[in-house]
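Remarks on the structure that follows.
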Amino acid sequence: MFESFSRGDIFLIVPVIAYYEVASTILRDSRQQRLSFEAADIAIEALFGLELAVVDTGDHRAVIFDAYKTARANDCGFYDAIFLVLSQSLDAPLSTADKPLSNAARHNFDVRSVADLELP
């Protein structure tokens with residue numbers, strides 16, 4: 001299913017929910033005045049400019065069940081667990097700026113900080 005994934009290159013692969021989750025965060029931050037509405041509009045446009053590789057596993061029941069068990073076992077949020085399950089299914093590290101997620105999952109998953117990525 002993921003034959004094109006290469007460890008030698010950096011690919012940003014996200015689950016289907018990623019766009020929804022990021023857009024929700026942008027909206028929340030603008031409502032809490034941490035981000036102006038104008039900046040939020042720009043951020044939403046920029047989100048689609050990223051052209052991330054979106055993965056839909058197709059077996060939503062299995063992903064939901066695995067994410068539920070992962071969230072309970074790692075004391076993290078359900079949506080965060082979906083990212084962990086995807087990274088594990090791809091045999092790839094999860095790169096995140098979410099420090100609470102990193103702390104919760106680092107013992108059971110290969111979780112790395114986005115600050116450590118060497119992007120071109």
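The values are calculated or read from the model by the stated rules, or taken from the named source; none is laboratory data. None of the values given here were measured: they were computed from a predicted structure. Neighbour counts are summed over all protein chains in view; Cβ atoms, including those assigned to glycine, are modelled from backbone coordinates with ideal geometry.
Screening the candidates A71, A92, A46 for the property of being part of a loop (DSSP other than H, G, I, E, B) and either surrounded by 16 or more Cβ atoms within 10 Å (Cβ to Cβ) or among the small types (G, A, S) (or both) yields one hit, A92. Annotation for the stretch 97-104: no member residue is closer than 20 Å to Y19 by Cβ, without any contact (Cβ under 8 Å) to a residue 24 or more places away in the chain and among the polar types (S, T, N, Q). When T57, T70 are screened for being of a type in the set (S, T, N, Q) and closer than 15 Å to I17 by Cα, only T57 passes. Scanning the stretch 73-90 for residues that are farther than 17 Å from V16 by Cβ and in contact with a helix residue (DSSP H, G or I) (Cβ under 6 Å, 6 or more places away or on another chain) yields N74, D75, C76. Among V85, V54, V111, which is surrounded by fewer than 16 Cβ atoms within 10 Å (Cβ to Cβ) and closer than 19 Å to L12 by Cβ? It is V54. Of all residues in the stretch 28-56, those satisfying the criterion of being in contact with a helix residue (DSSP H, G or I) (Cβ under 9 Å, 6 or more places away or on another chain) and touching a residue at least 40 places away in the same chain (Cβ under 8 Å) are L52, V54, V55. Of everything in the stretch 95-120 that is of a type in the set (D, E, K, R) and assigned to a helix (DSSP H, G or I), the residue that is modelled with the lowest pLDDT is D116. Inspection of the stretch 71-79 identifies at least one residue that is in contact (Cβ under 8 Å) with a residue 24 or more places away in the chain, hydrophobic (A, V, I, L, M, F, W, C) and farther than 15 Å from L12 by Cβ.
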